[in-house]
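Colleague: First the structure, then my questions, so here it is.
The values are calculated or read from the model by the stated rules, or taken from the named source; none is laboratory data. Computed from a prediction, not measured in an experiment: that's the story for all the values here. Cβ coordinates were reconstructed from backbone atoms using ideal geometry, including for glycine residues, and neighbour counts include every protein chain displayed.
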Amino acid sequence: MKAGARQGDVEIMKIKQLPECLFGRHLRDAHGVRFRDDMAFSRCVGCRVAMVKVQGRWRPVGRSPLWQYLALAALLLLLAFGLQRWYAAAHPKHDIVVFVGDSITEGVAASDPLTTSRPGRYQVHAGNDVIVANEGVNGITLGSLAGLVSLKDYYQSGRRNVVVLGGGSNDFAQNAKAIPLFKTLQDYAMRLKDDGWIVGVGTVMARNGLPPEQERERLAFNRMIVHGPLKSQGIAVLDFDAEHRAGRVPLADGVHPTDAGYAGMSKLDVAFVDKALEKH
C-alpha cells in the first residue's frame, strides 16, 4: 500500500476513534507497538495517549492531551450546528398572520367565513406557506380586545409575525369617545409591536343607527388613526372607511360587509401583509 493511502486510513481511523476516547475506550495503534523486555508499549490511535499491555490487555497510562479534547469538542459543536442548520432548512417555520377584531374580522354575513371572510381570503391568497388565524369575536369592543386577547401563544421567533388589528364599531355603539379609545388602540398596537409583531390597524366604517354625536366621534377616531402618530411609530394604517365611502365595501345589514365588501377590505389586507412578509 502506498504511504499516502495508509496515512489517509490512519487519519480516518483517528477521527472515528476520538469520540470513544472521550469515554475512556482507547484503541492501541497496532503499527506503533514497541517491546521492552517482556512488556509492550504503544499509543492510542485516536488521542495518542500512551498505552501499555498488562496481563494481556492494553491500558492507557496518563491522560490524553487537552488539545485533543478541545478539538473534539469543537468538532462536535460544528456537527451540531450543521445538523441544526440542515433541520431548519428542511423544516422552515411558516410565517403567521393573526386577524384580531370584532364581527367584521370574524366574518359575520360572509357566505363562507372559512374562505370569504378577510382571514379566509388571505389564507386562500397565501396558500399553505402562511399560517392565518382568525381572532375575530362577535360583539367585542376594542377596549375588551386590548385587555383580553393575548397573542403570546402565537408568537415564535425566527419567523415573521403579523397582526391585523381592527375594532371600534361596537365601542361607538356604546357611546365611546374618540380620544380615550384611540389611546387604547395606540397602547395595544405599540405593546404588540414591542413584543415583535408587525402591526397594521384599520379604521372604523360607518354603521346604520349610530347617533350623530357618535358618528362625529367615529370620524374623529379615524382621523387620529390616519393622520396621528401611528405611522411614525411603525404601525401601518388600513383605511377601510375610505374604501367604504368610495363604494368599494358594500354592507349586507348596515354593519357587516357583503362578500363583495369583504373582498374590497381584503385588498388592503393583502397589500399590507404581503409587504410585511416581503412577498413579491
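Colleague: For the list (1) at pLDDT below 70; (2) within 43 Å of the chain's Cα centre (by Cα); (3) over 30 Å from Ser157 (Cα atoms), I need the number of the one condition that Met1 fails.
Modeller: Here Met1 clears every test but (2).
Colleague: Among the listed residues Ser103, Ser117, Ser150, which satisfies the condition of being over 19 Å from Leu238 (Cβ atoms) and hydroxyl-bearing (Ser, Thr, Tyr)?
Modeller: From the options Ser103, Ser117, Ser150, the qualifying one is Ser150.
Colleague: Return yes or no: is Pro229 more than 30 Å from Ser157 (Cβ to Cβ) and either more than 20 Å from the chain's Cα centre (by Cα) or not assigned by TED's automatic domain parsing to the domain that holds Gly143 (or both)?
Modeller: no
Colleague: Go through segment 51-94 and report how many residues are among the basic types (Lys, Arg) and either farther than 29 Å from Arg160 by Cβ or at pLDDT 80 or above (or both).
Modeller: Count: 4.
Colleague: Here's a follow-up. From the list Lys279, Lys275, Lys267, exactly one residue is at pLDDT below 95 and surrounded by 13 or more Cβ atoms within 10 Å (Cβ to Cβ). Which is it?
Modeller: Lys279
Colleague: Find all pairs meeting these conditions: Cβ atoms under 6 angstrom apart; at least six residues apart or on different chains; first residue within segment 154-172 and in contact (Cβ under 8 Å) with a residue 40 or more places away in the chain; second residue among the polar types (S, T, N, Q) and buried (at least 16 other Cβ atoms within 10 Å of the Cβ).
Modeller: Taking only residues 6 or more apart or on different chains, the pairs are Tyr155/Asn161; Gly166/Thr105; Asn170/Thr141; Phe172/Gln214.
Colleague: Taking Phe172 as meeting all but one of (1) touching a Leu at 6+ places or on another chain (Cβ under 7 Å); (2) surrounded by fewer than 22 Cβ atoms within 10 Å (Cβ to Cβ); (3) among the aromatic types (Phe, Trp, Tyr), write down the number of the exception.
Modeller: Unmet condition: (2).
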